[in-house]
Amino acid sequence: FATEWLVGRSKLLNLAATEAEDVTLTLSLIHEAFNQLDVTRNGTLSADDLEMLACAPEMSPSSPGTGKAQVIKNTVSDLVSVSGHINFEQFQESLRKSTHLQMAVQTMLFSGTLSAGGGSSQLSMMGSGHNMTLQLFSVPIGNKVPMVEGLFSKPVLNSERQNWALRVRSELRQANFPVAIRGLFVGISAVYYAMHAAGASERVISLKTALTALEKALEDVDQDDQLKIANLTLVYELLKWCFDDSAGFVFKRQWKTRDGEFVSTWTLGLFTQQHATKKAQEVKTRPRDKEQLWQSSRIVRPLSQEMQDSARAENLFEVPFAAWPLADSHVLDLGSGEVGLYVYQTDLAKNMIVAKSDKKCCEPFYEGFVDKDRVDDFTTLLVEEFKLAPDRLKGREIICAGATGLHREMMLADRVKRDKILKFSTKVEQELTRRLGRTTCFRLFVPSGELEAQFELRAVQWLIGMPGMDIVASALPCWMVNKAWNMMSAAACLPSGIGVNVAKDQLRALGVGEDEVLLALKRADSNGDETLDYEEFVAAADSEPTFQALVRRCAFAGTISTGGGSSQLTLTSGMRNSLPQLFSMPVGNRVPIVQRLFSEEVTWQQRSDWIERIRSSLRASQFPRGLSGFYVAISAMYHAAKVSGINDRLITKSEAIAAFASLLAKLDAKDHRNIANVTLVKEIITWVFDDETSVLLFKRNWSNGGSITYVAGWTLGMYCTQFEMDEDCRERSACVIQKHFRGTSVRNALLRRPVGERSPSTRP
């Protein structure tokens, strides 16, 4: 967030470059910006195309008619005043003349950051569009690993350098780090220091220039300087692995802008992100002039037309828009061993999400369909499960498909299988178009493991705040009720209680169904004084289901999950738009089976070894301890609770541990799967949560008491996120439609009058 903010305020592109390599890179980046703006692909840019440069959050003015956005709009107006559009050469010339336009283009080109530290390295990628989604990839390899593990001697030998380079590549391969990425990236932290030592910082350079500088620095480095050798080698391998030859870089730490000097750190990022959120809320309440109602990222073309671009690795991380307000949304989860098919719909009257269908096809996407070229079978599966049919009123059909698990690995690390999947998807798209008689767009993308966990967290946040969900009723712990009371009374600014009419903003921030909870607040107000005191609040929490949903949402602190190869803990605060924190460790319930840690009949020694392996990994991954709050356990944790008989109800940590211990004592010694999974879950819960002030809910399927069932998966979380972020756009679109309808109605009424009765100034 900090780097993105700084890129939009610093002049980086060298438009006066004379060196051939610099000229080529600059032209390549400008071409990329031009193509992103050229939505119609006709080789020219209109005023509407160019005004998308003013739509970024950091371009938003603090008051109407001022700021960068207005300057850019004025510049655009001058550019297209003659012919109504400009070509590439005119666009390039306009960047030389307008600093504001150049900085807006830099912001649009900015693709992410590359960073490294002592124990890990990260690649952060920003999606395009107004509401950008962050994709994060992390690898547990940093520049201090050779010293910590004793891999280097003094002086460092050539063989040790080569082994360290091989180690980095191996870790990148195991972490499924992306390859052949294009765009403009900023190198920070230890990556910056490596390039600064190589004399290639503070300016935009190509991949070739960066690698050449690092090679020379490695030749000249002092052989006794272990840290410098480790860091230079690490950065060299990261750049070579991740990026395409056309990628551009700037390695920078100190930034000089018109607003002053800044250092790109997480503290600046925290401030700019929260400031942008506050400004977005302020801008939402002001009158708006002509704006883009639909973002360019929503305009989806068929995969057959985008085949060349979609094969570019960075395009695979663009999260497609799915939360269409007036049509069903079809989302596929291409998991390791099955295909999930989900249909979501928006109930605009109630401002809520409806899960119309969730089905599973127990065949893996690649092995079951792609590898066997079963185009007709997969197309039939989509038509039947999504209930697709020819309809002359529909202009196009959009299907979003996210590759997770093993398919994520294929899309990131195996170019041959990736191309095969893309070609297969194109055939399916063409066959659907033929059968349905309308254009079909099959939008394939790859959510990172971190993004998948964030979407799962958002799905659970939304579900626990919905009154009427099928959670087995039980007495809420006092600390949960007190936490909800403190949060609500502090927001109401009344020391003696909660003002019924002033609780609405807090409920909205929590993501709770505010209308129902406000009615419950009024019912709980026994003395009718428009204020809820502590005793009234506690009484309502004991008997009112809607109040219990409110208490759960206030106390909700995160999700915890396990899978075959890893385990995750995602933490959040009480507010809906708070930034989550993710902890992950590379140990899952299939590790003992894959690595053959168990004999045919699992011995108690093998169980003890497995427990020690889990604890060691929790310690190495720096999982927190003693956490308080309300947590929802999903995925394989839910299955462990189900066989233990503690699923779908609120339970304390001690109750969960006792149930798991009782089950483990009775399990058949040959039941490898359950022994591995239940042991893993028990140890994680023991390690992470506080004994007295933590409550768990093991749940997968959620029902609102009617016919609607929700699955707390990443697909629902993605839809929830986009549905909420799109609220402003829906409201403005509704206003435009209403104005158009009223204008048409008045015009038709005037036309029906006799000519003599019309006002002389009336012009139908």
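The values are calculated or read from the model by the stated rules, or taken from the named source; none is laboratory data. This one's a predicted model, so the numbers in the text were calculated from it and none came from an experiment. In this analysis, Cβ positions are derived from the backbone assuming ideal geometry, glycine residues included, and neighbour counts consider all displayed protein chains. When the accessible area is computed, the model is the full protein with side chains, heavy atoms only, and any ligands, DNA or RNA have been set aside. Shrake-Rupley method; radii C 1.70, N 1.55, O 1.52, S 1.80 Å.
Condition test on Leu218, is it of a type in the set (A, V, I, L, M) and touching a strand residue (DSSP E or B) at 6+ places or on another chain (Cβ under 7 Å)? It would help to see each step written out before you state the result.
Values: of a type in the set (A, V, I, L, M): yes; touching a strand residue (DSSP E or B) at 6+ places or on another chain (Cβ under 7 Å): no.
Answer is no for this residue.
Asp78 meets each of the listed conditions (1) at pLDDT 75 or above; (2) surrounded by fewer than 17 Cβ atoms within 10 Å (Cβ to Cβ) apart from (1).
Answer yes or no: is there a residue in region 247-257 that is open to solvent by 10 Å² or more (accessible area, probe 1.4 Å) and modelled with pLDDT under 65. Before the answer, list the steps.
Of all residues in region 247-257, those open to solvent by 10 Å² or more (accessible area, probe 1.4 Å) come to 252-254, 256-257.
Okay, now just the ones that are also modelled with pLDDT under 65, so none.
No, that holds for no residue.
In summary, strands (runs of 3 or more DSSP E) completely within region 677-728 and bearing 3 or more residues that are closer than 15 Å to Ile634 by Cβ, in contact with a strand residue (DSSP E or B) (Cβ under 9 Å, 6 or more places away or on another chain) and open to solvent by less than 10 Å² (accessible area, probe 1.4 Å) occur at 689-698.
Which of the residues spanning region 390-429 are assigned to a helix (DSSP H, G or I) and either at pLDDT below 85 or of a type in the set (Ser, Thr, Tyr) (or both)? Give the steps one after another, and end with the answer.
In the first step, residues of region 390-429 are kept if they are assigned to a helix (DSSP H, G or I); the result is 406-413, 415-429.
Across region 390-429, the qualifying residues are Leu406, Glu409, Leu412, Ala413, Arg415, Ser425, Thr426.
For the residues Ser111, Ser159, the requirement of being polar (S, T, N, Q), in contact with a strand residue (DSSP E or B) (Cβ under 8 Å, 6 or more places away or on another chain) and modelled with pLDDT of 85 or more singles out Ser111. The single condition among (1) at pLDDT 90 or above; (2) on the phi > 0 side of the Ramachandran plot; (3) touching an Asp or Glu at 6+ places or on another chain (Cβ under 8 Å) that Gly645 does not satisfy is (3). Among the residues making up region 349-367, those that are over 24 Å from the mean Cα position of the chain (by Cα) and either loosely packed, with under 14 Cβ neighbours inside 10 Å or without any contact (Cβ under 8 Å) to a residue 12 or more places away in the chain (or both) are Ala349, Lys350, Cys362, Glu367. For Gln135, indicate whether it is outside any loop (DSSP other than H, G, I, E, B) and open to solvent by 50 Å² or more (accessible area, probe 1.4 Å). For Gln135, the condition - outside any loop (DSSP other than H, G, I, E, B) and open to solvent by 50 Å² or more (accessible area, probe 1.4 Å) - is not met. Looking at region 153-200, which of its residues are buried (at least 21 other Cβ atoms within 10 Å of the Cβ), part of a loop (DSSP other than H, G, I, E, B) and more than 22 Å from the chain's Cα centre (by Cα)? Matches in region 153-200: Val156, Ala198, Ala200.
Scanning region 641-661 for residues that are part of a helix (DSSP H, G or I) and of a type in the set (Ser, Thr, Tyr), we see that the one that is surrounded by the most Cβ atoms within 10 Å (Cβ to Cβ) is Ser644. Filtering region 530-544 to residues that are surrounded by 18 or more Cβ atoms within 10 Å (Cβ to Cβ) and at positive phi leaves nothing.
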